[in-house]
Amino acid sequence: MIKALLLRLSESWQRHSGLRDLGLWDLEVNSAGHLCVQGIDTLQLIPRFGSPLLVVNRARLMKDIGALQEAFARAPAGSKIFYSYKTNCVPGILKAMHGAGIGAEVISPYELWLAERLGVPGAMILYNGVDKSDESLESAIRAGILAINIDHVEEIHRLRAAAAGLGRKANVGVRLALSSRSQFGLDVDSGEAHAACKTILSYPEQLSLQCLHVHLTSNAKDTSAHLSFADRALKFMRQLKDATGYTIPYLDLGGGFGVPTTKNMNGIEYGLYRLFGVLPRPPQLGRWQPVSSFMGELIESIEAGCGRLGLPTPRLLIEPGRLLTSRAEFLLASVRSVKRRTRGPTFAMTDAGRLSMTFPCDFEYHEAFVAGRPSAQLDAFYDVMGRVCTSSDWMFRNRLLPKLQPGDVLAVMDAGAYFSSYSSNFAFPRPAIVMVQDGEANLIRAAESFDHLTAMDRA
Ligand SMILES: Cc1ncc(COP(=O)(O)O)c(C=O)c1O
C-alpha cells in the first residue's frame, strides 16, 4: 500500500522533472528526432565505437571551466583552481583541463605520476590522500609542488625524512577533520591539528607550512557548508598565528561544488530506493546556486571573516571535480532485451549497470533519455539492469521511460563525475570514451580488449 503510493509519487516526480530538458547539457534533438551532441547523431556513435560508450562534449566542458574561472577571478591574487583527478581520471579530459589553465589535485602515487607525465608544473599540483608512498613524496618534493596536504601526523616525519634525504624543502599543508565522523585529516578539537602545525614549523630546514585544507561535502547546492568550513579554517589560522606568529598563506577549500542536474540521495531516499525501488525526487533546478553567485558569496565571506579576525586574506585554492566534468559527459547503453514478468517489474536488460559502469546511480539521481526518441512520452516503469549476472546489477529501478524495445539506446546524463572512475571490468572489458568537438568524435580512450584483461597474468 505504502509502496504503491510512493511509486505513484515517484512517477509524478519523474514525469514532471525539470530535467526533461536537453538544453541543460547543451544537447539537442536533430531532424531525425535523435539525441544529438554538437551536430553528431548519438545513434551513429555506437556502430563506430561500440556499446556502452562514454561521450564527452568538449564544448560543454570548456563552458563549465570558463564559468568557474570567471567566477573565481574575484579571489585574491595567486588563488588557483585544481581539478580533482579522481573524479574522471582520463588523460584526454585532463589535457583539456590543463590546457585551460586548471591544475591537478591528486590523491595517489599514480595520479601524481600522471600529472607530472601530462606536464603539469609543480606549482599547479596539490597532493592529498591517505596513502602516499615514500617514492611519491620524494617526487612531489623534487617537483616543488604547491602543497602536500598531510592526512595524518605520521606523514610529517616521513616528509621530513624525504626532504632531508633530497636536501630540499617540502611545501606542506594540513587537512583539518571537520567532523568527528570523518576519517580524513587531523582533529581540531583535541588540538591534534594545531600541534601538527607547530611540529611542521619546528623543522624550517625541511618543511614549509603553506596550506590549510578543508573538504567534507559533495554536490553542494549552495554555499552553506563551504562558508562554515571556511569560517572554521580561518579561526584555526588565527589561533595558530596567536600561538606562533605564523600566517598560513593558502586556504584550500577542497571540492564538493554541486551541479543542478544531479543530486545525492539523502538517507531516507536511499533507504526507500533500496527497500521499495522508489526512485527519489529529481533535483529541483531552482535550488542550485549558480557558480558566479556561489563563488562571489564564498570569497566575500572569507574576506569579511579575515577582516573581523585581523588576518590577511589567504590565497584560495579549490579542488572541484563534479562541477567541471559532470555535465560534459553522458553514457550510451544499449537495451538487449525487454522482459515482462507476470507479477513484478519489467526488466530492460542493458550492457551497463551499477556494478560495471553506473555506480553513482546507486546513490545519486541521474536523468536518462532514449537516444532514438528523447522527446517521446514516458510510458512505463522499467528496472533497467546491467549485464553482470547478479540481481544487484541494476542501473535504475522503477524508472519511467518511453516504451522500450531491444536495440534502443539509453543516454544517461552526468556521466562525467565518478562513472569511469568507479567503472570495473567485471566479466566485460571497459568501454571506449570519445570526445566530441566541432562536429567530430575522436576516441580519447579505446575500449579494453580481452588481451587487456589478461595482460598482467603470469600463469
Ligand atoms: C580532497 C578532495 N578534493 C576534491 C574532491 C572533489 O569533489 P567533488 O567532485 O565533489 O567536487 C574530493 C572528492 O571526494 C576530495 O576528496
* Roughly speaking, to the nearest percent, how much of the stretch 261-376's 1.4 Å accessible area is carbon and sulfur? -> 53 percent
* Backbone N under 19 Å from the A304 label point (7 Å along Cα→Cβ), restricted to the stretch 188-230 -> 222-230
* What list of ³J(HN,Hα) values in whole Hz, one per residue of the stretch 210-222 in order, does the Karplus curve 6.51 cos²θ - 1.76 cosθ + 1.60 (θ = phi - 60°) give from phi, with Gly and Pro shown as x? -> 10, 8, 10, 10, 9, 7, 9, 9, 9, 6, 5, 8, 9
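Please report the equivalent ellipsoid semi-axes of the chain, computed as sqrt(5 x eigenvalue) of the Cα gyration tensor, largest first, in whole Å.
Numbers: eigenvalues 348, 118, 86 Å².
So the equivalent ellipsoid measures 42, 24, 21 Å along its semi-axes.
Rounded, prolate or oblate: which fits the stretch 115-185, taking a ≥ b ≥ c as square roots of the Cα gyration tensor eigenvalues, rounded meaning a/c under 1.5, else prolate when a/b beats b/c? Show your work: numbers first, answer last.
Details: a/c = 2.26, a/b = 1.44, b/c = 1.57.
Here the stretch 115-185 falls in the oblate category.
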* Does anyone have the angle between helix 192-201 and the longest principal axis of the chain? Alpha-carbon axes, 0 to 90°, nearest 10? -> 50 degrees
* Along Cα→Cβ, 7 Å out, is where each label goes; now give me the distance between the ones at R287 and S12 in nm to one decimal. => 1.7 nm
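Give me the Å³ per residue figure for the convex hull around the C-alpha atoms of the stretch 236-305. Please report the intermediate quantities before stating the final value.
On the way: hull volume 9.5 nm³, N = 70.
Spelled out: Cα convex hull of the stretch 236-305, divided by residues, is 135 Å³.
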* **Largest-first ellipsoid semi-axes for the stretch 279-421, taking √(5λ) over the Cα gyration tensor eigenvalues, angstrom** => 41, 15, 13
* To do: Can you pull the one-decimal nm distance between simple spin-label points at L443 and E135, each 7 Å off the Cα toward Cβ?
  => 2.9 nm
* To do: Please give every one of the aspartates and glutamates within straight-line cross-link reach of K403, meaning a C-alpha to C-alpha distance under 13 Å, and leave out same-chain neighbours fewer than 8 residues apart.
  => D379, D383
* When only C-alpha pairs under 8 Å and at least 6 residues apart count, what is the relative contact order of the chain, in percent? -> 20 percent
* Using the alpha-carbon centroid of each, what span in Å lies between the stretch 385-402 and the stretch 83-98? -> 29 Å
* Would you be so kind as to identify which of Y85, A380, A71 lies farthest towards the positive end of the dipole of the chain, taking Lys and Arg as +1 and Asp and Glu as -1 on Cβ and the Cα centre as origin? => A380
* Round to a whole angstrom and tell me the spacing of the C-alpha centers of the stretch 261-299 and the stretch 314-349. => 15 Å
* Structure fact -> Computed over the chain: longest principal axis from alpha-carbon atoms vs helix 267-276 long axis, angle to nearest 10 degrees, is 30 degrees
* Asked: Size of the dipole of the chain about the Cα centre, Lys and Arg at +1 and Asp and Glu at -1 on the beta carbon, nothing else charged, in debye to 20?
  -> 940 debye
* Structure fact -> Subtracting the Cα-Cα distance of F450 and T244 from 0.36 nm times their residue separation yields 68.3 nm
* **Helix 134-143 vs. the chain, principal-axis angle (Cα, 0 to 90°, nearest 10)** => 70 degrees
* Asked: Rounded to the nearest 0.05, what FRET efficiency do Y270 and F426 have when you use their Cβ-Cβ distance and R0 = 30 Å?
  -> 0.85
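The values are calculated or read from the model by the stated rules, or taken from the named source; none is laboratory data. Please read all numbers here as calculations on a predicted model, not as lab measurements. Cβ atoms come from the backbone with ideal geometry, glycine included; neighbour counts cover every protein chain shown. Accessible surface is based on the protein model in full, side chains and every heavy atom, while ligands, DNA and RNA are left aside. Shrake-Rupley method; radii C 1.70, N 1.55, O 1.52, S 1.80 Å.
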